[in-house]
Amino acid sequence: MKFMLLIYDNPATRELFQSDEGKHLIDEARSIMAELTESGELLSTEGLADPVNTHSLRIENGAPVVTDAPLAESKEFFGGYLRLDVESLDLALEIAKSWPSLPYGALEVRPIMFAGGEET
């Protein structure tokens, strides 16, 4: 089964991860990703740039309009993801529970749909 672990950050989390105090959290994340890569369960992962670099698009009066901001104003923002191929939802949830930024932010675990629209 394929899942996306959507990682949500906030300004304090980003500051913590960039500080000397937060270096161990990055090391923990790298360790988890190394284990998942070795087992073949990690398909891909990416971190996203700070939300100040976001551009959003909507259709207004029949034409696309670009704004220099996220779609929604929020204290938390989508910070990155892990795409997994694991045996079960329970395993995906266990991986999410072990993610080092969980105490400082939030994660979503969502099934990935096949191109035809069927959920895995």
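Has region 1-20 got any residue that is in contact with a His (Cβ under 9 Å, 6 or more places away or on another chain) and at negative phi?
Filtering region 1-20 down to residues in contact with a His (Cβ under 9 Å, 6 or more places away or on another chain) leaves none.
No, every residue in region 1-20 fails to be in contact with a His (Cβ under 9 Å, 6 or more places away or on another chain) and at negative phi.
For the subset of region 1-31 comprising residues that are among the aliphatic types (A, V, I, L, M) and closer than 18 Å to Ser74 by Cβ, which member is surrounded by the most Cβ atoms within 10 Å (Cβ to Cβ)? Quick ask: steps written out before the conclusion?
We begin by selecting, within region 1-31, every residue among the aliphatic types (A, V, I, L, M); these are 1, 4-7, 12, 16, 25-26, 29.
Checking the rest, the ones that are also closer than 18 Å to Ser74 by Cβ come to 6-7, 12.
On the way: Leu6: 16, Ile7: 23, Ala12: 11.
Residue satisfying both the conditions and the ranking: Ile7.
Contact list please: Cβ distance under 6 Å, first residue in region 1-18 and free of Cβ contacts under 8 Å to residues at least 24 places away in the same chain, second residue of a type in the set (Lys, Arg) and surrounded by 19 or more Cβ atoms within 10 Å (Cβ to Cβ), pairs at least six apart or on different chains.
That search, which allows pairs on different chains as well, returns nothing.
Give just the number: which of (1) in contact with a Phe, Trp or Tyr (Cβ under 9 Å, 6 or more places away or on another chain); (2) under 23 Å from Ile112 (Cα atoms) does Asp50 not satisfy?
(2)
Have a look at Ala49, Ala34 and point out the one that is surrounded by 10 or more Cβ atoms within 10 Å (Cβ to Cβ) and out of contact with any Lys or Arg (no Cβ under 9 Å at 6 or more places or on another chain). I'd like the intermediate steps shown before the answer.
Details: Ala49 fails: surrounded by 10 or more Cβ atoms within 10 Å (Cβ to Cβ).
Step by step, each of Ala49, Ala34 is checked, and only Ala34 is surrounded by 10 or more Cβ atoms within 10 Å (Cβ to Cβ) and out of contact with any Lys or Arg (no Cβ under 9 Å at 6 or more places or on another chain).
Scan (1) modelled with pLDDT under 90; (2) over 30 Å from Glu94 (Cα atoms); (3) touching a strand residue (DSSP E or B) at 6+ places or on another chain (Cβ under 8 Å); (4) not polar (S, T, N, Q) for the single condition Arg14 breaks and write down its number.
(2)
Do any residues in region 27-53 that are over 14 Å from Phe3 (Cα atoms) have Cβ atoms under 9 Å from those of residues that are of a type in the set (A, V, I, L, M) and assigned to a helix (DSSP H, G or I), where the two are at least six apart or on different chains, and which pairs are they?
Here the result reads Ile32/Ile95, each pair linking region 27-53 to a residue that is of a type in the set (A, V, I, L, M) and assigned to a helix (DSSP H, G or I).
Could you tell me which residue of region 60-81 is farthest from Leu6 (Cα to Cα), considering only residues that are touching a residue at least 40 places away in the same chain (Cβ under 8 Å) and assigned to a strand (DSSP E or B)?
Taking region 60-81 as the starting set, the residues that turn out to be touching a residue at least 40 places away in the same chain (Cβ under 8 Å) are 75-81.
This time we only want the ones that are assigned to a strand (DSSP E or B), so: 77-81.
Values: Phe77: 10, Phe78: 7, Gly79: 8, Gly80: 6, Tyr81: 5 Å.
Checking each candidate, the answer is Phe77.
The values are calculated or read from the model by the stated rules, or taken from the named source; none is laboratory data. Computed from a predicted model, the values in this text were never measured in an experiment. Neighbour counts run over all protein chains shown; Cβ positions are idealised from the backbone, glycine included.
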